[in-house]
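Worksheet: the structure to be examined is printed underneath.
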Amino acid sequence: MKQAMATIVKPLPDHLFRVHGASAEMRWEAMSGQGYHTPNDRFFVRNHTSTPYIDVTTWRLRVHGAGVRCPRAFSYEELRGMPSRTFDVAIECAGNGRRFYGTQQHDAAPGTQWGLGAIGVARWRGVPLRYLLHEVGLLPEAVDVLPTGLDAPFEDYGHVRRPLPVGKAMDDVLVAYEMNGEPLPPDHGFPVRLVVPGWVGIASIKWLGDIEVSTTELFSPWNMVFYRDVTTQPVKSAFELAWNARLPVAGPHILRGRSWSGRGRIVKVEVSCDGGTSWRVAEHHGQHLVSAWLPWHIGWAPRHTGEHVLMARATDETGATQPLTTPRHPFGYVFDAVVRHPIRVVNG
Ligand SMILES: Nc1nc2c(c(=O)[nH]1)N[C@H]1C(S)=C(S)[C@@H](COP(=O)(O)O)O[C@H]1N2
Ligand SMILES: [Mo]
């Protein structure tokens with residue numbers, strides 16, 4: 001047995017997080033009463049090894065490779081002096097919801113048994129990657145962009161890194177140094193991370209130190225072994241309620257939740273409070289951000305005490321609706337089926 005190590009710097013109080021080894025999942029009840037964004041103190045953490053300490057005075061971001069005319073290293077001050085953009089973007093682990101392959105479909109997938117809490121939405125500020133690539137003279141023959149993290153190498157696979165095609169890199173990717181108005185916290189990539197809208201969380205490399213631009217297709221264990229063939233995130237929904245939450249029978253209640261998709265805006269959310277027998281359309285205030293989530297709510301007056309199953313099912317603008325069951329995935333990625341959320345209605 002390995003010794004438990006403190007691999008995450010921020011406090012992980014039990015009412016906000018469920019800890020899984022070197023990673024920590026947000027409890028969904030921690031979003032209850034919160035605004036649009038996930039506060040930094042409760043944003044999930046997925047670390048392959050440990051949060052590193054990085055000295056920002058000597059830190060540099062090297063941008064180089066056969067695909068650029070003038071390779072260059074940027075200091076933190078230089079990056080902060082460049083024109084910046086601010087975006088509301090979700091980061092979600094590809095394995096979010098993996099636990100339900102086992103608990104709902106009786107076909108457990110190996111890996112971190114995340115519930116639905118491996119997602120968060122933050123307001124990220126930084127320099128569009130496109131601006132940096134212009135600065136170094138991106139060549140027309142550039143093909144891939146390979147960002148590498150400065151955290152310790154993972155097992156025998158080297159530093160965490162995953163290539164992006166140059167088309168995505170030039171589109172909406174951010175080299176972020178701020179999260180919800182604060183400098184990036186250590187666990188979320190200080191001093192600088194990538195934020196890659198709509199794509200699996202592994203694309204958003206933390207503790208960025210190096211970006212190679214190639215003129216041939218690039219490979220790394222993180223696109224050839226782990227997360228192979230997984231690019232965008234599917235549609236999902238969650239209630240802002242504890243698992244096995246207790247609700248008094250004296251209602252009515254307003255049930256709240258959020259739905260999201262890496263492939264486009266959410267256009268509809270339906271909720272069932274009777275285990276899928278009947279469905280009603282949830283209400284929302286129209287915050288249909290393309291790369292984040294849609295908060296919604298629905299009234300409910302339970303008629304009797306006892307166990308109930310809540311379900312939420314969203315549809316995105318591509319027409320994709322959450323199914324009741326989803327095909328098995330060998331690594332437990334892209335779980336998009338409707339989650340059966342148990343609650344207990346009690347007297348009082
Ligand atoms: N350098 C580095 N970047 C990384 C990781 C990592 O372990 N090292 N984990 C990735 C994975 S799998 C996910 S889901 C997201 C999680 O981001 P967060 O910890 O800020 O929530 O970061 C990604 N970027
Ligand atoms: Mo992840």
Query raised in the report: Normalised by the number of residues in the chain, what is the relative contact order in percent for Cα pairs under 8 Å and 6+ residues apart?
Result: 18
Query raised in the report: Which of these, Arg256, Arg125, Arg328, has the largest mean-square fluctuation under a Gaussian network model of the chain (Cα springs below 10 Å)?
Result: Arg328
Query raised in the report: Using 16 Å as the cut-off for backbone N distance, which residues of the stretch 192-212 belong to the label zone defined by a point 7 Å from the Cα of Tyr131 along Cα→Cβ?
Result: 192-195
Query raised in the report: What's the tally of Lys pairs in the chain whose alpha-carbon atoms lie under 28 angstrom apart, where the two lysines are 8 or more places apart or on different chains?
Result: 9
Report task. Convert each backbone phi in the stretch 112-124 into a coupling constant with the Karplus relation 6.51 cos²θ - 1.76 cosθ + 1.60 (shift: θ = phi - 60°), then list the ³J(HN,Hα) values in order as whole Hz, x for Gly and Pro. Result -> 4, 8, 4, x, 9, x, 8, 9, x, 10, 10, 8, 9
Report summary line: For Trp296, the net charge from surrounding residues (Cβ-Cβ under 14 Å; K, R +1; D, E -1) works out to +3
Query raised in the report: Contour minus end-to-end for Leu324 and Val56, with contour as 0.36 nm per residue of separation and end-to-end as the Cα-Cα distance?
Result: 91.7 nm
Report task. Heavy atoms only, probe 1.4 Å: what % of the accessible area of the stretch 249-348 goes to carbon and sulfur, would you let me know? Result -> 52
Query raised in the report: Taking GluC sites (Glu not before Pro) that fall in a DSSP loop and have at most 14 other Cβ atoms within 10 Å as cut points, what is the longest piece of the chain between them?
Result: 1-140
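Can you give the FRET efficiency to the nearest 0.05 for Val267 and Asp41, using r as the Cβ-Cβ distance and R₀ = 45 Å?
Taking R0 as 45 Å, the efficiency between Val267 and Asp41 is 0.90.
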Query raised in the report: Label His15 and Arg228 with points 7 Å out from Cα along Cα→Cβ: what is the distance between them in nm?
Result: 4.5
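The values are calculated or read from the model by the stated rules, or taken from the named source; none is laboratory data. Keep in mind it's a predicted model, so treat the numbers as computed, not measured. Heads up, the Cβs are rebuilt from the backbone with ideal geometry, glycines too, and the neighbour counts pull from every protein chain shown. Surface areas here come from the heavy atoms of the whole protein model, side chains and all, with no ligands, DNA or RNA. Shrake-Rupley method; radii C 1.70, N 1.55, O 1.52, S 1.80 Å.
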